[in-house]
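Below: one structure, written as structure tokens.
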Amino acid sequence: MPIATRVVHVDPVQPEPAHIHLAAEIVRGGGLVAFPTETVYGLGANALQAQAVRGIFAAKDRPATDPLIVHLHEAAQLESVAASAPELARRLATAFWPGPLTLVVPRGAAIPLEVTAGREMVAVRVPSHPVAQALLAASAVPIAAPSANRFARPSPTTAQHVLDDLNGRIDLVLDAGPVPIGLESTIVDTTQSPPVVLRPGGLTLEALRRVAPEITLQERYLSEAMQAAAPGMFSKHYAPRAALHLFDGPRAAVLRSMRAAAESSLKDGRRVGILALEADLTAFEALPVERARLGLESDPEAAGQRLFAALRELDQRGVDVILARLPERHGLWLTIRDRLYRAAEGKVTAVSE
Ligand code: TXA
Ligand code: MG
């Protein structure tokens, strides 16, 4: 049975107290509220109520085996959801909270196993977005929130994306416009030694290592070598409806190969989308393709902010296939590379000179 989903526009810098109050009442009452964070829109429920948390999984069609991130108003609340806070977790929290960093720590007894999908570890973060901050303060409970998309779809960076996936399935969307980062938080497991980045995200590895040089990166989705070693580990995620086809290698050779692939698909009568940096689009001049722009190579922040919206837009323009070049492995480009890899389920054409 669909439910009526309300949409309330809220100021992204100084959220109206009445709107926040409404959202907080819904959260406290066990309902579902989509709200902006600095990374992506989240689908929030009271993290202390197992029944409310089960509602998140139902609304998203998310498998109950995929654990949720618990959002807190401030770092001082960590003890209320964690059994203990490793020294590293406290150091990273001091350096980066509020912000796009999630810490995996031992689960505290207050957090139901529904949140952690049965694990004894819980993922926690303090978001910096003023709307998320206000909602957490007003609800006065920790809020469990995955990205507010249907399972396996690109994460939502606008309220419209949330509605496209979840209208009729949730109680409220707080619409504060596009989010600033557009890529999910970086997840660090602080219970392992050395600590490991489980998912690169909006906080770069370089920034993390300035505070904790010992942090390692779990190489799951970032190289062809991994794909060859473990096919099938690429569970579909962040995916557009069109087939996403990635190319990796030296830029000029990759662009030649992409142009050939575009021409061949067009000849077969398929509609082709190109997701590319502004400078790369010249390689597709005069071809009847749909173009989605990621901006300048010097501005990964802008590309990150655009990425998921661009994938959704290409879908809306009805393309059958999307071609994209994998970016480099530094800064936010590493995160973008990870998301593209997973969206393509690891399908990459390696191009050499
Ligand atoms: O930026 C973000 O992190 C956004 C906003 C809404 O905060 N949230 C988000 O949540 O991306 P979600 O559920 O889409 O992704 C959370 C990831 C999942 O891949 C999950 O497997 C992992 O975090 N995760 C959650 N709890 C975990 C745990 N206890 N141990 C290991 N991984 C965990
Ligand atoms: Mg997600």
### Task
Compute the semi-axes of the equivalent ellipsoid of the stretch 19-108, taking the square root of 5 times each eigenvalue of the Cα gyration tensor, and list them largest first in whole Å.
24, 16, 13
### Query
Put a dot 7 Å past each Cα toward the Cβ at SER193 and ARG91; how far apart are the dots in nm?
1.3 nm
### Task
Determine the percent antiparallel among the DSSP beta bridges restricted to the chain, to the nearest 5.
35 percent
### Query
If you roll a 1.4 Å probe over the chain with all protein chains in place, what percent of the accessible area is carbon or sulfur?
54 percent
### Query
For the stretch 72-209, treating each Cα as an identical point scatterer without solvent, what Debye log10 I(q)/I(0) comes out at q = 0.09, 0.18, 0.20, 0.21 1/Å?
-0.27, -1.13, -1.36, -1.46
### Task
At 0.36 nm per residue, minus the direct Cα-Cα distance, what do ASN167 and HIS9 gain on full extension? Give it in nm, one decimal, please.
55.3 nm
### Task
State, as an integer percentage, the relative contact order of the stretch 98-143 based on alpha-carbon contacts under 8 Å between residues 6 or more apart.
41 percent
### Message
Give me the dipole magnitude in Debye, nearest 20, for the chain about the Cα centre, with unit charges on the beta carbon: positive for Lys and Arg, negative for Asp and Glu.
### Response
580 debye
#### Entry: the stretch 241-250 - phi-based ³J(HN,Hα) in whole Hz, Karplus 6.51/-1.76/1.60, Gly and Pro as x
6, 5, 6, 9, 10, 9, 10, 9, x, x
### Query
Any idea what the relative contact order of the chain is, in percent, if you count C-alpha pairs under 8 Å spaced at least 6 apart?
19 percent
### Span per principal axis, largest first, for the Cα atoms of the stretch 154-196 (Å)
43, 23, 17
### Using distinct alpha-carbon pairs, which all enter the 1/r mean, Kirkwood radius of the stretch 94-142 in Å
12.0 Å
### Task
Filter the GluC sites (Glu not before Pro) in the stretch 291-334 to those in DSSP coil with at most 12 other Cβ atoms within 10 Å of their Cβ, and list the result.
GLU328
### Query
Given N residues in the stretch 250-337, what is Rg(Cα) / (2.2 N^0.38 Å)?
1.05
### Task
Express as a percent, rounded to the nearest 5, the fraction of DSSP beta bridges in the stretch 86-209 (both residues included) that run antiparallel.
65 percent
### Query
How long are the three semi-axes of the equivalent ellipsoid for the chain, computed from the Cα gyration tensor as the root of 5 times each eigenvalue, in whole Å, largest first?
34, 24, 17
#### Entry: In degrees, nearest ten, helix 130-139 long axis to first principal axis of the chain (Cα)
30 degrees
### Summary
With bins of 10 Å, the percent of all Cα-Cα pairs of the stretch 130-216 per bin from 0 is 14, 36, 33, 16, 1
### Task
Could you calculate the contour length gain from THR65 to GLN316, that is, 0.36 nm times the residue separation minus the distance between their Cα atoms, to one decimal place in nm?
87.3 nm
### Message
At a threshold of 8 angstrom on Cα-Cα distance, excluding pairs fewer than six apart, so keeping six or more, what relative contact order does the stretch 63-115 reach in percent?
### Response
49 percent
### Query
Accessible area per residue of the chain at 1.4 Å probe, in Å²?
40 Å²
### Task
For every helix of n ≥ 4 consecutive DSSP H residues, a contribution of -39,500 (n - 2.57) applies; sum these over the chain, divide by its total residues, and give [θ] at 222 nm rounded to the nearest 500 deg cm²/dmol.
-10000 deg cm²/dmol
### Task
Please go through the stretch 26-88 and write out the GluC sites (Glu not before Pro) that DSSP classes as loop and that have at most 14 other C-beta atoms within 10 Å.
GLU74
### Message
How large is log10 of I(q)/I(0) for the stretch 300-353 at q = 0.12, 0.13, 0.30 Å⁻¹ when the intensity is taken from the Debye formula with one equal scatterer per alpha-carbon?
### Response
-0.29, -0.35, -1.30
### Query
Among 211-218, 254-261, 181-188, how do they line up from the highest to the lowest mean number of other beta-carbon atoms within 10 Å?
181-188, 254-261, 211-218
### Task
Could you order ARG306, ARG107, ARG6, ARG270 so the one with the most accessible surface comes first? Probe is 1.4 Å.
ARG6, ARG270, ARG306, ARG107
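The values are calculated or read from the model by the stated rules, or taken from the named source; none is laboratory data. Computed from a predicted structure; not experimentally measured. FYI the Cβ positions are ideal-geometry reconstructions off the backbone, even for glycines, and counts take in every protein chain you see. Calculation scope for accessible area: heavy atoms of the full protein, side chains included, ligands and nucleic acids excluded. Shrake-Rupley method; radii C 1.70, N 1.55, O 1.52, S 1.80 Å.
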